[in-house]
């Protein structure tokens, strides 16, 4: 059964408020030279069928549910 | 400047409540054969220094801040 991993990240031009908050906490721990902290999501799932079919279905799921196409990019990995 | 990507996922034995919710939404869209949906986090950041030093510092940050070692596993990738 193919295992799908989807990586969803905020588009680079957008301000990442969650990333900013984490960056503040990182600096507070003494790592003040850490920059450009950005947060994304991983969604793992399994579905029956072939690898290419799974990828296509994952793409539909990303567009409809898992990612916001206006603000986020996604990348799909399929392990057959 | 090395770019670090940290992948944080819930340990496999733990119930992923957020994943269950997303799985319900996926089924609701008609993809009822999708199973084992699990949600994780990606943290991207940049820090000066060499790749090995960056990896070591990222490991400290994971243990102290970015991951909960009781419930989560993490994997660190460094692009020099």
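Quick notes on this one:
- For residue B:11, inter-copy label distances in nm, listed shortest first [label point 7 Å out on the Cα-Cβ vector]: 4.0
- Residue A:55 paired with residue B:53, simple spin-label distance in nm, labels 7 Å along Cα-to-beta-carbon: 4.0 nm
- Our helix-only sum for the protein assembly as shown, with -39,500 (n - 2.57) per DSSP H run of n ≥ 4 divided by its residues, gives a mean residue ellipticity at 222 nm of -9000 deg cm²/dmol.
- Note that the stretch A:3-79 shows a convex hull volume over its alpha carbon atoms of 101 Å³ per residue.
- Helix axis angle, A:51-61 relative to chain A longest principal axis, alpha carbon, degrees: 60 degrees
- Reciprocal of mean inverse Cα separation for the protein assembly as shown (Kirkwood radius, Å): 16.7 Å
- Angle in degrees between helix A:17-28 and the longest Cα principal axis of chain A, rounded to the nearest 10: 50 degrees
- Across identical copies of the chain, residue B:72 has label-point separations of 1.6 nm, listed in ascending order, with the point defined 7 angstrom from Cα along Cα→Cβ.
- The alpha carbon centroids of the stretch A:25-71 and the stretch B:2-80 are separated by 10 Å.
- Take residue A:24, push a point 7 Å out from Cα through the beta-carbon direction, and compare it with the same point in every other copy: 3.2 nm, smallest first.
No value in this document is a laboratory result; all are computed from the given coordinates. Just so we're clear, the structure is a prediction, and the values are computed from it rather than from any experiment. FYI the Cβ positions are ideal-geometry reconstructions off the backbone, even for glycines, and counts take in every protein chain you see.
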